[in-house]
Amino acid sequence: GAVGGCVLGGDLSRRDQWIVGITVLGRAVRPVTRAGARPGDQLWVTGTLGASRAGLAALLRGETPPPAAREAFARPKPRIASGLALARAGATALLDLSDGLGGDAGHLAAASSLGLHIQLLQLPVAGPVLVEATRAGVPPAVFAALGGEDYELLAALPSSFGPADAAAMQRETGVALTLIGECRAGSGVQLRLGQDAIALPGFDHFA
């Protein structure tokens, strides 16, 4: 496949539906977890956000989503090259946004025992979001931040990592990197839309 992996083995059982379980084993020279961010680090996100949610919203209405939204929902692209590049660049914490920015930012904050301050107006919003956000009556950045299954990466990087480094990484990986906030002493996540404080839930697997 795209990552050079092999499919080996499987479970034997009988049911009326297909069930697929996947276990991935590997080794990392310098693993980057959710737990290493430090006050003063900056928060960056890969790619664009919200396309998968836009695709799902259209499908739930029984409509055909725009091609970009359908592709994002049906065939999300794992940011493996970006993850490796971020690790080499000194990322102190890293996770994917499978549960939406509102929830996953909270996971990083809790694991790293600090507070995250994020400006939603800086989010890289995917093009298909605009129509769906208007239909939902919410700002595009809020719609995008609520969307899960984008599988973009949220990374904490030292403040020495700047726009020139982000541009070089985009040339290397083909994926843009956008500054959206910073890590501070404290706890939890503070989200702002301009000057307004915003509370956004993430996906709850146990709800």
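Just to be sure I understand: of the beta bridges DSSP finds with both ends in the chain, what percent are antiparallel, rounded to 5?
Around 75 percent of the beta bridges assigned by DSSP in the chain are antiparallel ones.
Which option, (i) 158; (ii) 136; (iii) 118, is the value of volume of the Cα convex hull per residue in Å³ that was calculated from these coordinates?
Given (i) 158; (ii) 136; (iii) 118, the structure-derived one carries the label (i).
Of A166, A111, A126, which has the largest mean-square fluctuation in a 10 Å C-alpha GNM of the chain?
Residue with maximal mean-square fluctuation among A166, A111, A126: A111.
Report relative contact order for the range 32-140 in percent, whole number only (criteria: Cα-Cα under 8 Å, sequence separation at least 6).
It comes to 43 percent, rounded to a whole number.
Could you check how much of the accessible area of the range 19-68 is carbon and sulfur, as a whole percent, using a 1.4 Å probe?
Roughly 60 percent, rounded to a whole number.
Only Lys, Arg, Asp and Glu count, each charged at its Cβ (+1, +1, -1, -1), so figure out the dipole size of the chain about its Cα centre, rounded to 20 debye.
Numbers: 17 positive and 17 negative charges, 65 e Å.
With Lys and Arg at +1 and Asp and Glu at -1, about 320 debye.
Using a 1.4 angstrom probe on heavy atoms only, work out the carbon and sulfur share of the accessible area of the range 82-207 in %. Numbers along the way, then the final one.
Values: 3170 of 5740 Å².
The computed percentage sits at 55.
How much area per residue is accessible in the range 48-151 when the probe is 1.4 Å and only protein heavy atoms are counted (Å²)? Please report the intermediate quantities before stating the final value.
Numbers: 4460 Å² over 104 residues.
I get 43 Å² per residue for this part.
How high is the FRET efficiency between R27 and A111 when r is their beta carbon distance and R₀ equals 25 Å, given to the nearest 0.05?
Efficiency computed from Cβ-Cβ geometry: 0.70.
Looking at the range 79-195, send over the antiparallel percent of its DSSP beta bridges, to the nearest 5.
60 percent
Who wins for biggest fluctuation among T46, T23, T178 in a Gaussian network model of the chain, springs between alpha carbons below 10 Å?
T23
Determine the relative contact order of the range 94-176: mean sequence separation of Cα pairs under 8 Å and six or more apart, normalised by residue count, in whole percent.
41 percent
The values are calculated or read from the model by the stated rules, or taken from the named source; none is laboratory data. Quick caveat: nothing in here was measured; it's all calculated off a predicted structure. Positions of Cβ are backbone-derived with ideal geometry, glycine not excepted, and every protein chain shown enters the neighbour counts. Just so you know, the surface numbers come from the protein's heavy atoms only, side chains and all, with ligands and any DNA or RNA stripped out. Shrake-Rupley method; radii C 1.70, N 1.55, O 1.52, S 1.80 Å.
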